[in-house]
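**Q** One structure, pasted below without further comment.
The values are calculated or read from the model by the stated rules, or taken from the named source; none is laboratory data. Keep in mind the model is a prediction, meaning the values are calculated, not measured. Using ideal geometry, Cβ is built from the backbone for each residue, glycine included, and neighbour counts are taken over all protein chains shown. We work out accessible area using only protein heavy atoms, side chains counted, and drop any ligands, DNA or RNA first. Shrake-Rupley method; radii C 1.70, N 1.55, O 1.52, S 1.80 Å.
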Amino acid sequence: MLSALTPWIDYTVNGLVIGNIYALLAVGLALIFGVADLINFAVGSVFSFGAYIGWVCAAYLKLPLPVTILVVILASALLGIVIERFGTRPLQGRSRIAALLVTIGIGLIIDQLLQIIFSPDPRALPSGLPDRRFTIAPGATIGTLDLLIAGVGSASGLALWLFLSRSRIGWAIRATAQDSEAARQVGIFTDRMNMLVFALASSLGGVGGLLIGMYYNNIDPSMSFNATLKGIVAAMVGGLGSLPGAIIGGLVLGLTESYGIGIFGASYRDLFAFVILLLVLVFRPQGMFQRAGRAPEPLTGTFIAWSRPLRLPRPVQAAILLVVLVLPLAGQPYVTQIGINALIYGLAAMSLTLVAGTVGQVSLGHAALLAIGGYASALFAANLGWPVALTIPLGGVVAAALGTVLIYPAFRMSGHYVSIASMAIAEIVALVILNWTGLTGGSMGLSGIPPLAIGPIDLSDARSTYYICLGLVIVMALLQARLLRSHLGRSLRAVRDDAIAAKSFGLSPSRYKMIAFLFGGFGAGLAGAISAHLFSYIDSNTFGLDLSILVLTIVILGGLGNIAGALLGAVLLVALPELFREVAQYRELVYGLALILLIRFRPQGLLGTA
Amino acid sequence: MTHLSRRAALCAGLGLGFNAVAGRAARADAAPVKVGVSGPLTGPLAQYGAQWKRGFDLALIQINGAEGGIHGRPLSYDFEDSQNDPRQAVAIAQKFVADPAILVELGDFSSTTSMAASPIYQRGKLVQLGFTNSHPRFTATGDYIWSPSLSQADEQPQLADLAITKLGFKRPAVIHLNTDWGKTATDLFTQAAKARGATIVDSEGYLPDERDFRSTLTRAVQAKPDGLVLESYYSDGALIVRQAREQGITLPIAAVGSIYSPKFIELAGNAANGIYTESEFFPADPRPEVQAFVKSYQDKYQSAPDAFAAFAYDALILTAAVLRQYGTTRQEFQAGLSKVSGVPSVIFGTIKFDPATRRVAGAKTTDIEVVNGTFSLFKGQTATKG
């Protein structure tokens, strides 16, 4: 009897230990969300930063553990202050989506600096603690590090609670979180509170990184990404902005993953995390443990900064068109290929700018639509032998249909919730692709996808591919512009600007969102299908979260809802990293800085929102 | 150490006199012979690109020094960062194909990225030498796509020899990376293990960014295996053995050769002791090409080399040999690959391609056991109890 239970005791202990780390990240996110209405995507990078500072102290300088922890707390807090002062404060009161993007850029820079300073090789981070195991049940043990993590987790939770509920500064922070205008009126320096919260949140994240580094005896700069993802999921599960919720969310996430692996295996780990997240978002968007009532976010307006779209004068437009038309004739296949990449990203970005800008559903899962389109077209062409000229539009249709069905549960949500829900949906799609080996080839991917062709005419060379992509971009852009000028376009914008008002005028928000997603899904599916035939090989990594983030960055940079902006953004974000090739390993660093500066000075996007 | 004395040390390691080098070294003024490299220098896989670079730079010292370049012309490489992103890899492919100075391309790292660029190399008739691409379909794109990577079909039976025949596992559980590489490796190991009379009692896949293996290990142990077999890289392999030992799992563990790296021992700590593996690349191997490589690596980087540096080193040495013997055009290089034989290699001893599969067969592995924190020759004992 007991022996049948033993693995479950193991799963539970393990889930709680990991859950403690998730909780530290989630509490930091919740704190920042509370006062700044911002999901801090740099949280994972602060986590890695803490781990590396810990490595310098513990492994390099050989300082004792308590000193190491103290240094990590101080250094991470300092980093938090820098992020607040130079990253998010200049964008205060502008758009939160711009601030969110800045935190992504800052994260990129921190990761890259760590990589340059400490090399990308993983490093060992020994804890120096005696390795004692305590038997808690026959066959199930718990170690000193497990206890340390549990101790630090609960101690910091308790300290934070005491600080926020008993101290005057804690009261001021809570007042700022509740209503920063009112807080300012009663004499609270809200900027200082923001800074303090960033410092607090960062020190929690940094300590989390140190502990997890010691727990695994393994740190590397790429650990940021997963930390950000899991922290956000935990914070969302608990209810954004709620501290007890964040702690419980972290533990629930850790346990779910651990039990999930126990039942189905590690290839499904993230599936459970994202399914739980999705269920919570659909059924209890206020979080598992918060009472409903207060709307989770203001419904309209501040998520996106509005501005007047910038119109390019006709001669400039004509000149651009000319350059675009003759580009492949310059006889530079490399430049043509960059052009193809820009056009494919442009196609994807146009579809996202419709969904995100015109309808206000800021999706962080757009890559899933490309994946569906790519796999559909590849499978039709490779397995059924259908002509590529037919399977590409079919890929678009499948992406439109399947994508709309998948995103449907998110139609009731707004703001950050849509972004996170769509990210969860996209991760689930990727995991299904990975694990549905019979259809998708699983981790072996799909190889030998036929190249672009119409009938017997081979169109796989760079020049033909370019003109095919250009043709598709022009057709889709004209269709989309026509759509936006029509009665339908006005209705879509009405739904975005005020869903409740639109509803009271008899417009059905869900129906209009569906129309936008069908159209957008088609465009994204086309982009994915063309990529698949261009690459001839795709697997579950080809269309990942990094692609979703990049496409969203393009859209925000260009100006939400702005078709020309999406295309300009695509050209810039594809061309910039190519231009920075000369600086080799500093490339990402320069790219991150350029991104931050662009957003800093044009938070409404280069060509303005439309 | 100065540049000059480092070169001298290298030459001593190669058993060549310094004078011979000075006489034969490539002339710096001659037009260089160029190869292109597409690989991750930034992004999450940058650690492998960094190892490649070290391997390439060592190979260049030898090629342009002792071996006198390519008939007096220095060899150089143009390393373009793909971030392991297929979209950037296709652009790099176009760049290399369009640049007549580039005679052969090496890379990219993962099959997701390499295979996306393959059609462009094939159409452009520029050889893509995917020296880490073990995906079974990698060379299928066409006759310009070649891979001197380790064939899992060679390696897995040798791992099975070690784990099943020598160590005596009868009911192993396999824990494997769920990627094209890990999946191929596991399938081949399972076949080989069955042929040797063992039963695989459990097979657990995990994703490349996994760090937490405790639940996976608990699951594997439920199947009552008598040993664990890892199809992992060194970083995740170290995490697994460490967490297994912390969890009190005392089962013997055998792992595929790709865990072979000094980092494995650093990251796994004491848990590394008693781990069995086999490797094509073993620094204590007395073969002169291995000793020359290890010594020059240690002199230049003050650390021990790992298999990825060795792969890169071998790939560039092979490239130089083919360019030297068969000519410095893309076509001559392609034709030369099917004919070349006897090029010394750290991994294979000597390299010879099978022109039908465009792969190298016949890698021989050495059985290894970790003793007191160092990789040592396996002494042939059985590990299972009873």
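**Q** When only C-alpha pairs under 8 Å and at least 6 residues apart count, what is the relative contact order of chain B, in percent?
**A** Once divided by the residue count of chain B, the mean separation gives 17 percent.
**Q** Right, here's the next one. Between region B:278-331 and region B:221-276, how many Å separate their Cα centres?
**A** Distance between centres, Cα-based: 27 Å.
**Q** Going Cα to Cα from A:Lys513, which lysines come in below 23 Å? Please leave out same-chain ones fewer than 8 positions away.
**A** A:Lys503
**Q** Kirkwood-based Rg over Rh for region A:170-294 (C-alpha set), two decimals?
**A** In region A:170-294, Rg relative to Rh is 1.05.
**Q** Starting from 0 in steps of 10 Å, tell me what percent of the Cα-Cα pairs of region A:315-429 lands in each bin.
**A** 13, 33, 29, 21, 4, 0
**Q** Then there is this: Residue-wise, which Karplus ³J(HN,Hα) couplings in Hz belong to region A:389-397, taking 6.51 cos²θ - 1.76 cosθ + 1.60, θ = phi - 60°, and x for glycine or proline?
**A** 4, 8, 6, 5, x, 4, x, x, 5
**Q** Taking 0.36 nm per intervening residue step and subtracting the Cα-Cα distance, what contour gain separates A:Asp179 from A:Ser486 on full extension?
**A** Full-extension gain reported as 106.6 nm.
**Q** Taking Cα centroids, how far is region A:421-439 from region A:343-399 in Å?
**A** 15
**Q** Mind grabbing the accessible area of A:Leu310 for me, 1.4 Å probe, Å², rounded to tens?
**A** Here the residue's solvent-accessible area equals roughly 100 Å².
**Q** Something else now. Over all directions, the average projected area of the alpha-carbon convex hull for region B:189-234 comes to how many nm²?
**A** Over all viewing directions, region B:189-234 projects a mean Cα-hull area of 3.7 nm².
**Q** Binning at 10 angstrom from zero up to the longest distance, how are the C-alpha pair distances of chain B distributed in percent?
**A** 5, 24, 32, 24, 12, 3, 0
**Q** For the pairing of chain B with chain A, what total accessible surface becomes buried, with a 1.4 angstrom probe, in square angstrom to the nearest 100?
**A** The summed interface area works out to 5400 Å².
**Q** Using just the Cα positions, wrap region B:270-334 in a convex hull and report its mean projected area in square nanometres, one decimal place.
**A** Computing the convex hull of the Cα atoms and averaging its projections yields 6.4 nm².
**Q** Which length gain, in nm to one decimal place, applies between A:Asn383 and A:Leu65 when the Cα-Cα distance is subtracted from 0.36 nm times their residue separation?
**A** 108.6 nm
**Q** Output the direction-averaged projected area (hull surface divided by four) of the convex hull of the alpha-carbon atoms of region B:299-369, in nm².
**A** Taking the Cα atoms of region B:299-369, their convex hull projects to 6.2 nm² on average.
**Q** Continuing with this model, one more query. Based on the Cα coordinates of chain A, what is the per residue volume of their convex hull in Å³?
**A** Taking the convex hull of the Cα positions in chain A, it is 165 Å³ per residue.
**Q** Summarise the long-distance tail of P(r) for region A:88-233 by giving the % of C-alpha pairs beyond 18 Å.
**A** In whole percent, the long-distance tail amounts to 70.
**Q** Taking the C-alpha atoms of region A:405-465, how large are the radius of gyration and the largest Cα-Cα span, Dmax, in Å?
**A** 17.8, 48
**Q** Exactly which chymotrypsin sites (Phe, Trp or Tyr not before Pro) in region B:126-182 are in a DSSP loop and have at most 12 other Cβ atoms within 10 Å?
**A** Sparse-neighbourhood loop chymotrypsin sites (Phe, Trp or Tyr not before Pro): none present.
**Q** Of B:Lys170/B:Lys194; B:Lys53/B:Lys300; B:Lys183/B:Lys379; B:Lys166/B:Lys379; B:Lys194/B:Lys364, which sit over 18 Å apart, Cα to Cα?
**A** B:Lys183/B:Lys379; B:Lys194/B:Lys364, as the Cα separations exceed 18 Å there.
**Q** Once the Cα gyration tensor of region B:245-369 is found, what semi-axes does its equivalent ellipsoid get, as square roots of 5 times the eigenvalues, in whole Å, sorted largest first?
**A** Sorted largest first and rounded, they come to 34, 17, 11 Å.
**Q** Hey, another quick one. Under a crude label model (7 Å from the Cα following the beta-carbon direction), how far is B:Ala356 from A:Gln92 in nanometres?
**A** Each label point is offset 7 Å from its Cα along the Cβ direction, giving 7.3 nm.
**Q** Step through the residues of region A:596-610 one at a time and calculate ³J(HN,Hα) from phi using the Karplus curve (6.51 cos²θ - 1.76 cosθ + 1.60, θ = phi - 60°), rounding each to whole Hz and writing x for Gly and Pro.
**A** Once rounded to whole Hz, the list reads 4, 5, 4, 6, 4, 9, 9, x, 8, x, 4, 9, x, 7, 10.
**Q** Using θ = phi - 60° and the Karplus form 6.51 cos²θ - 1.76 cosθ + 1.60, what ³J(HN,Hα) does each residue of region A:222-228 get, whole Hz, x for Gly and Pro?
**A** Values, residue by residue: 8, 6, 4, 4, 5, 5, 4 Hz.
**Q** Oh, and also: Find how many whole Å separate the alpha carbon centroid of region A:466-539 from the alpha carbon centroid of region A:19-94.
**A** Cα centres, region A:19-94 to region A:466-539: 39 Å.
**Q** Same structure, new question: Rounded to the nearest angstrom and ordered from largest down, what semi-axes does the equivalent ellipsoid of region B:127-214 get from its C-alpha gyration tensor (root of 5λ)?
**A** 27, 17, 9
**Q** While we're on this one: Using a 1.4 Å probe on the heavy atoms of the protein chains only, list every residue of region B:264-283 that has 10 Å² or more less accessible area in the complete assembly than in its chain alone.
**A** B:Glu266, B:Leu267
**Q** Another question about this same structure. List the residues, sorted by chain then number, that are 5 or more residues from A:Thr141 or on another chain and whose placed amide H is less than 5 Å from its amide H.
**A** Amide H to amide H, under 5 Å and 5 or more residues apart or across chains, A:Thr141 pairs with A:Ile136.
**Q** Could I ask something else about it? Given a 1.4 Å probe, show me the residues in region A:581-602 buried by at least 10 Å² of accessible surface when comparing the whole protein assembly to the chain alone.
**A** At a threshold of 10 Å² (probe 1.4 Å), the residues of region A:581-602 that become less exposed are A:Arg581, A:Ala584, A:Gln585, A:Arg587, A:Glu588.
**Q** Still on this model: Please compute the per residue accessible area over region A:58-180 with all protein chains in place, 1.4 Å probe, rounded to a whole number of Å².
**A** 49
**Q** Just how large is the dipole of the protein assembly as shown about the Cα centre, in debye to the nearest 20, putting +1 at every Lys and Arg Cβ and -1 at every Asp and Glu Cβ?
**A** Rounded to the nearest 20 debye, it is 1820 debye.
**Q** Also, I was wondering about something else. How big is region B:214-297 by the Kirkwood estimate over distinct Cα pairs, in Å?
**A** 13.7
**Q** If you split all Cα-Cα distances of region A:383-522 into 10 Å bins from zero, what percentages do you get per bin, shortest first?
**A** 10, 28, 32, 21, 8, 0
**Q** Out of the trypsin sites (Lys or Arg not before Pro) in region B:26-90, which ones are loop residues according to DSSP with at most 12 other C-beta atoms within 10 Å?
**A** The qualifying sites are B:Arg27.
**Q** Moving on. When the helix-only estimate is applied to chain A (DSSP H runs of n ≥ 4, each -39,500 (n - 2.57), divided by the residue count), what is the mean residue ellipticity at 222 nm, nearest 500 deg cm²/dmol?
**A** Counting only the DSSP helices, I get -23000 deg cm²/dmol.
**Q** Angle between the Cα long axis of helix A:243-264 and the longest principal axis of chain A, 0 to 90 degrees, nearest 10?
**A** 70
**Q** At 7 Å along the Cα-to-beta-carbon direction for both B:Ser303 and A:Trp161, put a label point, then send me their distance in nm to one decimal.
**A** 4.4
**Q** Oh, and also: Using the Cα atoms as the points, what is the convex hull volume per residue of region A:1-58 in Å³?
**A** Spelled out: Cα convex hull of region A:1-58, divided by residues, is 111 Å³.
**Q** Follow-up. Using amide H atoms built in the peptide plane, which far-off residues or other-chain residues are under 5 Å from B:Phe378 H to H?
**A** B:Asp367, B:Ile368, B:Glu369
**Q** Please report, as a whole percent, how much of the solvent-accessible surface of the protein assembly as shown comes from carbon and sulfur atoms (probe radius 1.4 Å).
**A** 64
**Q** What does the accessible area per residue of region A:515-562 come to in Å², with a 1.4 Å probe and no ligands, DNA or RNA counted?
**A** That works out to 15 Å² per residue.
**Q** Quick check of the Kirkwood formula: for region A:518-610, what is the inverse mean of 1/r over all pairs of different Cα atoms, in Å?
**A** 14.5
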